[in-house]
1. Using the Cα centre of the chain as the reference point, and only Cβ charges (+1 on K/R, -1 on D/E), how large is the resulting charge dipole? Debye, rounded to the nearest 20.
2. Compute from the Cα atoms of the chain the Rg and the Dmax, the latter being the longest Cα-Cα distance, and quote both in angstrom.
3. Going toward the positive end of the dipole of the chain, with +1 on Lys and Arg Cβ and -1 on Asp and Glu Cβ, which of Ala7, Ile69, Thr21 do you reach last?
4. As a test of the formula, what do you get for the chain when each DSSP H run with n ≥ 4 contributes -39,500 (n - 2.57) and the sum is divided by the residue count, at 222 nm and rounded to the nearest 500 deg cm²/dmol?
5. Could you sort 30-43, 75-88, 9-22 so that the peptide with the highest average Cβ count within 10 Å comes first and the rest follow in order?
6. Estimate the FRET efficiency between Phe25 and Asp49 by the formula 1/(1 + (r/R0)^6), using the beta-carbon distance for r and 25 Å for R0, to the nearest 0.05.
7. Can you work out D for segment 1-43 in µm² s⁻¹ from Stokes-Einstein, where Rh is the Kirkwood radius over C-alpha pairs, the temperature is 20 °C and the viscosity is 1.002 mPa s?
Amino acid sequence: MFEKLMAAQKQAEEIKKRLDTVSVFGEVEGGAIRITATANKAITAVEIDEEFYKQADKEELEELLLTAINKALAQAEQVSAHEMQAATQSMMGGLGGMFGQ
């Protein structure tokens, strides 16, 4: 039992490391604002098109930044959930279909 727990913990650490290398994106206004994040939900870049920036007012820029950030974080959540689901299925696979596999 302890060995299985240790194996699960090791696998979770490996998944976290892998998620740090996966980039996800959120963009708005046809790419005028683009947010890059890791699948571990760490924002790594914010890009704003210079022409859009010159024309946008403060409120519009703030609202669109929030939208782009939330899109990137939602994509990160999907990738993370998919990785965890795959890992769980892999661990449960050896149990002879007890959990609907």
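Bear in mind these aren't lab numbers, they're just calculated from the coordinates by the rules spelled out. These figures come from a predicted structure and were not determined experimentally. Glycine gets a Cβ as well: all are built from the backbone with ideal geometry, and neighbour counts include every protein chain shown.
1. Details: 10 positive and 17 negative charges, 168 e Å.
In total the dipole reaches around 800 debye.
2. Calculated on Cα positions, Rg and Dmax stand at 18.9, 61 Å.
3. My answer, from the dipole projection, is Ala7.
4. Details: 3 runs with 60 residues, N = 101.
For the chain, the value works out to -20500 deg cm²/dmol.
5. Values: 30-43: 17.4, 75-88: 14.8, 9-22: 12.7.
Going by the mean number of other Cβ atoms within 10 Å, highest first, we get 30-43, 75-88, 9-22.
6. Values: r = 14 Å, r/R0 = 0.58.
It comes to 0.95.
7. Working: Rh = 12.2 Å.
In µm²/s, the coefficient is 176.
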